[in-house]
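Everything on this sheet refers to the single structure shown next.
The values are calculated or read from the model by the stated rules, or taken from the named source; none is laboratory data. Note that the structure is predicted; figures quoted are calculated from it, not measured. All Cβ positions, glycine included, derive from the backbone under ideal geometry; neighbour counts span all protein chains shown. These area figures cover heavy atoms from the full protein model, side chains too; ligands, DNA and RNA do not enter into them. Shrake-Rupley method; radii C 1.70, N 1.55, O 1.52, S 1.80 Å.
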Amino acid sequence: MSVRVSFRRISPFAGFIAAMSAIVLLASPVTAQSAGSVAGTVASPANTPVVGAFVSIDSAPPQAQTDASGRFRIDGIPSGSHVVSIRRSGYTDAVSSIVVSSDTVTRIDIVLSEKVATLSKVTVIGTKSDLAETRERLNQIPGSVAMVDGPQIRATRQANLKDVLQFVPGVYIQPRFGAADESQISIRGSGLRDNFHARGVNLLVNGMPYRNADGFTDFESLELLTTEAIEVYKGGNALRYGGSTLGGAINLDTKTGYSASPTSLFGQGGSFGFYKTQLEAGDSRGAADYYASYARTSVDGYRQWSAQQRDRVNLHGGYQFSSNTDARVFYFFAHVKEELPGALTRAQFESDPRAADAGNVTNRWGRDYDLHHIGLQLRTQLSPSQRLEISPYMQYRDIDHPIFEVISQISHDYGAEVRYENTAGLGALANRLTIGVQPAYESLLNHQYVNNQGEHGALTKNQHDRAKTLALYVEDVLAVTPHLSAVLGARAERASRETKDFFLSNGDQSDKRVYSPVSPKAGLLWTFDSGAQLFANASRSYEPPLLLELNSLTVPGYIPLDGQSAWQYEIGARGRKIGLSWDLAAYDVELRNEILNINVQPFPGAPFTVPTYRNAPKTRHSGLEVGLSYQLPGAVFVRGDVADHISIRTSYTLARYTYVEDPNYKGNDIPGAPQQVMATEIKYAHPSGFSVAPSIEWIPQSYFLDSQNTVSNDGWTNISLRAEWATAYGVNLFAAGQNLGNRRFSQSVQADNAAGKWFEPADGRAFYAGLRWAH
């Protein structure tokens, strides 16, 4: 294979990195990944050029914009089948399937129609068109949302949610045990009461809740290697998915037979005994498709007593019964084993960050469980403007969890969503009406035992806990003008928590609470001819307490804890122009009865704490979120139609969480999260398939760990580097280093810990390498 290299105007930073990559060219002159181009025109029904239309390939952000003649061209598209999407204000979006061949230009000419309110035929679940439709829906939300697509996900370690969501502003995720997936997570200050697992954010898989019906959830069953895209809905922008949570929702869209390779192998290994492997297969045959994956993750851990292991199975099957009806069933299983090293005091952290809490080792603190989750999605087109989706699911978990006592639980969760959409216009105005119903039920057999070095001792709790939720949501999007859309919506919910106690020697904990909130939402979205947008919204959220927050070993019945309510006000802008993309948002959240954690010692001098909770009368969360990405113009090396380039992306969050009214802490900061978070990556990609991306995470100042604001965690700088090489033989090689400065810092923390154990140390300097092969 000959190599044609031409020289163009060089960008400011390209020369140095491009010179380094020349070594790769000399060593392997035929390793270019096969790629082609797409070029064409976009016209109106009158056959006049449509100027400024955005052109996207698959579910990626817009990659080109039509010029004054309505023409466009996109280079560097991998060979194979793709979906081209065309979007222009005032016209109906156009989607077309193409096949790209190596070193050729595929032509496509599109005629857009004037915008009419129609859903056309059903979009098959799990296809590239389905993801493109999801991205377009996100673009119609008058608030801060984000989508992380497949290439962005696969350009990370894929070990935990921080790996894949680090560059979404406003989303703060810090793993508690290095490469493990258990993390401290907060969106706009949600879950600051959370010293373990996740609260205040709804986690979903394929739009179905991965959580208990009361809202409690964790991370350990989620396999990022099977994830094709991730949607983030911040705060009240998750009316459908997260209307009952302050933080909103994170939805993982998994691979299907339409998006997966027929056969793929993945293997990765690195420091502290980390390895991650996967075998997957998927394909479509006629109206049917299938996908199957087995993955294992294992890590010995940077710290003592922090070994983790995950075995996960994902199975999917879909069938298109007709052009109007499509169904999909999916199942995932997780076998989880983990050791919990606990948090350290400042003296312990500074003297030996790799140590575990001695009591955790002696009593073998850990968390082991099996989880089964099965869901069904049925989508049918009732008419050109009406669509109905029905999605029932079931989840089973059997957990053994030795901590201060041994928690032994079996939970069954059942739920569904029925969603109706109608895009019939209101007179001459385009309109989209969505109505949904979401019932959910949880049955939890809850036992606790004395911890005898990790084994079950005497029984200390025997309860049957139940949570029920019935939610109804309505949202209407009206195109008031070709540029202005108005959004009105509301979510009404009835949620109950009930406990029946069968172990009465320490008092009767039986109790029941019912919550009936209504959460309205209103927003405005202005779309310029260029596609750039301005938005503003106001929304309410209401978060009932979890069962574990209401339960207590020290008082009869539930503790006096009210639901947490909040009003969020948000303004922002997003858009893309000449290689620059921006996503800006400013918000203010006024909370009443925010649920906050109090980690108390159960007896004087206890070496551990147990959680209990309280309401803060009035608190405020406010902040600014900035997401930017830019591809520098110019190139040095060109191979066929593929040129090298440098891209930069950065995420910046400025936030303040304060007690406005509180009997003890008025005017203080709410502890647990930093006020400023910044992450930046510079990536150089060479047409040979080689890329290198240094990145930095920067927490510029310390932040408080207690509500008294007397204990703080220092800020830190974390420098990383990742290099990849996509060969011509379907093999991708990659290597990465993290915490290259070998800095000592605590990236996750325990807030308001009465035993003074605040710090959960980050891993020291670590290296990883691996490969991905697809056939």
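Name the strands (runs of 3 or more DSSP E) wholly within region 157-268 that hold at least 2 residues that are closer than 30 Å to Arg354 by Cα? Give the steps one after another, and end with the answer.
Numbers: elements: 171-175, 183-187, 202-205, 227-234, 248-254.
Fully inside region 157-268 and qualifying: 171-175, 183-187.
Among the candidates Tyr420, Tyr369, Tyr449, single out the residue that is within 18 Å of Met208 (Cα to Cα) and modelled with pLDDT of 95 or more.
Selected residue: Tyr420, the only one of Tyr420, Tyr369, Tyr449 that is within 18 Å of Met208 (Cα to Cα) and modelled with pLDDT of 95 or more.
All but one of (1) in contact with a Leu (Cβ under 7 Å, 6 or more places away or on another chain); (2) within 15 Å of Ser748 (Cα to Cα); (3) open to solvent by less than 10 Å² (accessible area, probe 1.4 Å); (4) modelled with pLDDT of 95 or more hold for Ser183, so report the exception by its number.
(4)
Answer with yes or no whether Arg328 is surrounded by fewer than 21 Cβ atoms within 10 Å (Cβ to Cβ), basic (Lys, Arg) and over 23 Å from Lys276 (Cβ atoms).
No.
Across region 340-353, what is the total count of residues that are of a type outside the set (S, T, N, Q), part of a loop (DSSP other than H, G, I, E, B) and either under 27 Å from Asn452 (Cβ atoms) or modelled with pLDDT under 95 (or both)?
So the first thing to find is which residues in region 340-353 are of a type outside the set (S, T, N, Q), and the list is 340-344, 346-347, 349-350, 352-353.
Those still in the list that are part of a loop (DSSP other than H, G, I, E, B) too: 340-343, 352-353.
Keeping just the survivors that are either under 27 Å from Asn452 (Cβ atoms) or modelled with pLDDT under 95 (or both) gives 340-343.
Residues that pass the stated criteria total 4.
Test each condition in (1) free of Cβ contacts under 8 Å to residues at least 24 places away in the same chain; (2) among the aliphatic types (A, V, I, L, M); (3) under 30 Å from Ser443 (Cβ atoms) for Val201 and report the one that comes out false.
(1)
Okay, residues lined up against (1) within 29 Å of Arg656 (Cβ to Cβ); (2) at pLDDT below 95; (3) in contact with a Phe, Trp or Tyr (Cβ under 6 Å, 6 or more places away or on another chain):
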| residue | (1), (2), (3) |
| --- | --- |
| Gly170 | yes, no, no |
| Gly200 | yes, yes, no |
| Gly207 | no, yes, no |
| Gly235 | yes, yes, no |
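Is there any pair linking a residue in region 335-351 that is within 21 Å of Asp181 (Cβ to Cβ) to one that is in a strand (DSSP E or B) and among the polar types (S, T, N, Q), with Cβ under 7 Å and at least six apart or on different chains, and which?
That search, which allows pairs on different chains as well, returns Lys337/Gln309; Glu338/Gln308; Ala343/Asn753.
Only residues that are open to solvent by less than 20 Å² (accessible area, probe 1.4 Å) and within 24 Å of Asp103 (Cβ to Cβ): list them for region 42-59, please.
Here is the first cut: in region 42-59, the residues open to solvent by less than 20 Å² (accessible area, probe 1.4 Å) are 42-44, 50, 52-57, 59.
Scanning region 42-59 gives Val55, Ser56, Ile57.
Pick from region 655-673 the residues that are surrounded by 21 or more Cβ atoms within 10 Å (Cβ to Cβ) and part of a loop (DSSP other than H, G, I, E, B): which of them is nearest to the chain's Cα centre (by Cα)?
Ala673
Answer yes or no as to whether Ala334 is open to solvent by 10 Å² or more (accessible area, probe 1.4 Å) and aliphatic (A, V, I, L, M).
In short, no.
For region 598-634, which residues satisfy the criterion of being small (Gly, Ala, Ser) and either part of a loop (DSSP other than H, G, I, E, B) or in contact with a His (Cβ under 6 Å, 6 or more places away or on another chain) (or both)?
Within region 598-634, Gly605, Ala606, Gly634 qualify.
Identify the single condition in (1) open to solvent by less than 50 Å² (accessible area, probe 1.4 Å); (2) in contact with a helix residue (DSSP H, G or I) (Cβ under 9 Å, 6 or more places away or on another chain) that Ile399 does not satisfy, given that it satisfies every other one.
Exception for Ile399: condition (2).
Give region 657-695 a look and list any residue that's touching a Lys or Arg at 6+ places or on another chain (Cβ under 8 Å), more than 23 Å from Gly741 (Cα to Cα) and among the charged types (D, E, K, R), or say none.
Glu661, Asp662, Asp669
Assuming Arg312 fulfils every condition listed in (1) under 20 Å from the mean Cα position of the chain (by Cα); (2) at pLDDT 95 or above; (3) open to solvent by 20 Å² or more (accessible area, probe 1.4 Å) apart from one, which condition is it?
(3)
Among the listed residues Arg397, Arg387, identify the single one that is closer than 20 Å to Leu444 by Cα and touching a strand residue (DSSP E or B) at 6+ places or on another chain (Cβ under 6 Å).
Arg397
Any residue in region 141-169 that is surrounded by fewer than 21 Cβ atoms within 10 Å (Cβ to Cβ) sitting within a Cβ distance under 7 Å of a residue that is in a loop (DSSP other than H, G, I, E, B) and among the charged types (D, E, K, R)? List the pairs, counting only those 6 or more apart or interchain.
Every condition considered, the pairs that remain are Asp163/Arg157.
For region 282-301, name all the residues that are open to solvent by 30 Å² or more (accessible area, probe 1.4 Å) and closer than 29 Å to Val232 by Cα.
Of everything in region 282-301, those that are open to solvent by 30 Å² or more (accessible area, probe 1.4 Å) and closer than 29 Å to Val232 by Cα turn out to be Asp283, Ser284, Tyr290, Ala292, Tyr294, Arg296.
Residues Gly572, Gly457, Gly489, Gly531: which one is assigned to a loop (DSSP other than H, G, I, E, B) and either surrounded by 17 or more Cβ atoms within 10 Å (Cβ to Cβ) or touching a residue at least 12 places away in the same chain (Cβ under 8 Å) (or both)?
Gly531
Ile595 passes all but one of (1) of a type in the set (A, V, I, L, M, F, W, C); (2) part of a loop (DSSP other than H, G, I, E, B); (3) touching a strand residue (DSSP E or B) at 6+ places or on another chain (Cβ under 7 Å); which number fails?
Of everything listed in (1) of a type in the set (A, V, I, L, M, F, W, C); (2) part of a loop (DSSP other than H, G, I, E, B); (3) touching a strand residue (DSSP E or B) at 6+ places or on another chain (Cβ under 7 Å), Ile595 misses just condition (2).
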